[in-house]
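Report on one structure; see the data block that follows.
The values are calculated or read from the model by the stated rules, or taken from the named source; none is laboratory data. Every value quoted in this text rests on a predicted model; they were computed, and no experiment measured them. FYI the Cβ positions are ideal-geometry reconstructions off the backbone, even for glycines, and counts take in every protein chain you see. In case anyone asks, the SASA skips ligands and DNA or RNA and just uses the protein heavy atoms, side chains included. Shrake-Rupley method; radii C 1.70, N 1.55, O 1.52, S 1.80 Å.
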Amino acid sequence: MGYLVIKCGGSILEQLPISFFENIVSLMKDQQLKPIIVHGGGPNITQLLTQLEIHSTFHEGLRVTSNEVLDIVEMVLSGSVNKSIVRQIIAAGGMAFGLSGVDGMLLVGKPISSTSELGYVGKIESVNPRFVKLLAEEGAIPVISPIAIDGDGQRWNINGDIAAAAIAKALCAPLYMVSDVPGILKNGQVLSQVSISEVEELLKDETISGGMIPKAQAALECLRSGVEEVVIINGLEENGLIKLINGMPIGTKIMEDITCKISQ
């Protein structure tokens with residue numbers, strides 16, 4: 001039974017049908033895989049920040065995070081969003097276990113840069129997947145919120161794509177990024193397959209922009225570290241995860257040494 005990391009973007013979480021979670025349970029029971037869920041929750045965070053009249057901005061697709069914003073980020077991600085996903089997996093017939101990167105120092109973080117421009121936004125220094133593996137071995141589906149911690153007890157807001165990539169690297173697992181877009185677009189068309197060099201060029205010419213930037217960067221980091229496959233898919237595609245596992249063309253598959261292809 002191999003691991004499979006599935007990153008669920010916050011932009012699509014509220015729209016995902018029960019069939020999506022049934023697919024995840026099926027991957028474990030019928031496909032003999034061990035799914036690991038990593039999630040975002042940006043819209044939920046923005047909504048609560050707005051209600052509380054706390055100002056928040058973005059820089060290159062990442063939320064600038066003050067200590068006040070960080071409290072809300074952790075509350076939403078590790079609380080309401082995480083448990084909502086756990087409940088939906090249970091309703092779909094699976095057994096889920098929610099945790100954050102803080103628990104068991106699963107995600108050890110550090111500042112994303114030496115400047116204070118992004119505040120408490122971090123990057124992953126190391127991953128301690130021991131407890132995730134134990135849960136998966138017991139037949140549970142771990143559901144992870146991307147809050148990291150360092151040795152001094154400081155929390156760090158980690159982009160969900162970056163956190164998912166780090167966990168995929170630690171488990172040597174394929175990474176499926178589930179979003180509200182059908183994949184990487186070029187001239188309005190979905191690229192079904194792209195190489196590392198193609199993604200680098202798309203980032204350079206800003207074809208890849210906004211929230212797709214951290215996804216693309218996370219994918220490149222995964223592939224360079226030995227992960228064999230990263231796919232960006234639309235979570236609203238009916239039985240998309242099952243189709244992907246069965247080799248059907250869906251979303252954008254990012255791999256090494258391939259020729260760029262556009263979906264028909």
* Counting only heavy atoms of the protein chains, get the accessible area per residue of the range 157-264 (1.4 Å probe) and round it to a whole Å² value. => 45 Å²
* Structure fact -> In the neighbourhood of residue 117 defined by beta carbon distances under 13 Å, the net charge of the other residues (Lys, Arg +1; Asp, Glu -1) is 0
* **the range 142-264 shape via C-alpha gyration tensor axes, a/c threshold 1.5** => prolate
* Asked: Straight-line reach from residue 186: which lysines have a Cα under 28 Å away, not including same-chain ones fewer than 8 places off?
  -> 7, 169, 204, 215, 243, 253, 261
* Asked: Ordered by residue, what ³J(HN,Hα) values in Hz, to whole numbers, does the range 146-160 give under the Karplus form 6.51 cos²θ - 1.76 cosθ + 1.60, where θ = phi - 60° and Gly and Pro are x?
  -> x, 10, 9, 9, 10, x, 8, x, 6, 7, 9, 7, 10, 4, x
* Asked: If you put +1 on each Lys and Arg Cβ and -1 on each Asp and Glu Cβ, how big is the dipole of the range 84-205 around its Cα centre, in Debye rounded to 20?
  -> 220 debye
* To do: Using only the Cα atoms of the range 164-223, each taken as one equal point scatterer with no solvent, compute I(q) by the Debye sum, divide by I(0), and report log10 of the ratio at q = 0.17 Å⁻¹.
  => -0.56
* **Choice from 252, 50, 65 with maximal GNM fluctuation in the chain (Cα, 10 Å cutoff)** => 50
* To do: Return the inverse of the average 1/r over all pairs of distinct C-alpha atoms in the range 1-153, which is the Kirkwood hydrodynamic radius, in Å to one decimal.
  => 16.2 Å
* Asked: So how much slack lies between residue 189 and residue 58, counting 0.36 nm per residue of separation and subtracting their Cα-Cα distance, in nm?
  -> 44.5 nm
* For the range 13-81 and the range 214-249, distance of Cα centres in Å -> 18 Å
* Can you give the net charge of the other residues whose Cβ lies under 10 Å from the Cβ of residue 36, counting K and R as +1 and D and E as -1? -> +3
* **Stretch gain in nm, segment residue 123-residue 66, where the contour uses 0.36 nm per residue and the Cα spacing is subtracted** => 19.0 nm
* **Separation of the residue 50 and residue 19 label points, Cα + 7 Å toward Cβ, nm** => 3.0 nm
* Structure fact -> Expected max-MSF residue from 244, 99, 175 in the GNM of the chain (alpha carbon, under 10 Å) is 244
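Taking all pairs of distinct Cα atoms, average 1/r, flip it, and tell me the Kirkwood hydrodynamic radius of the chain in Å to one decimal place.
Taking the inverse mean of 1/r over all distinct Cα pairs, the chain comes out at 18.4 Å.
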* Asked: Given a 1.4 Å probe and every protein chain left where it sits, what share in percent of the accessible area of the range 60-214 is carbon and sulfur?
  -> 51 percent
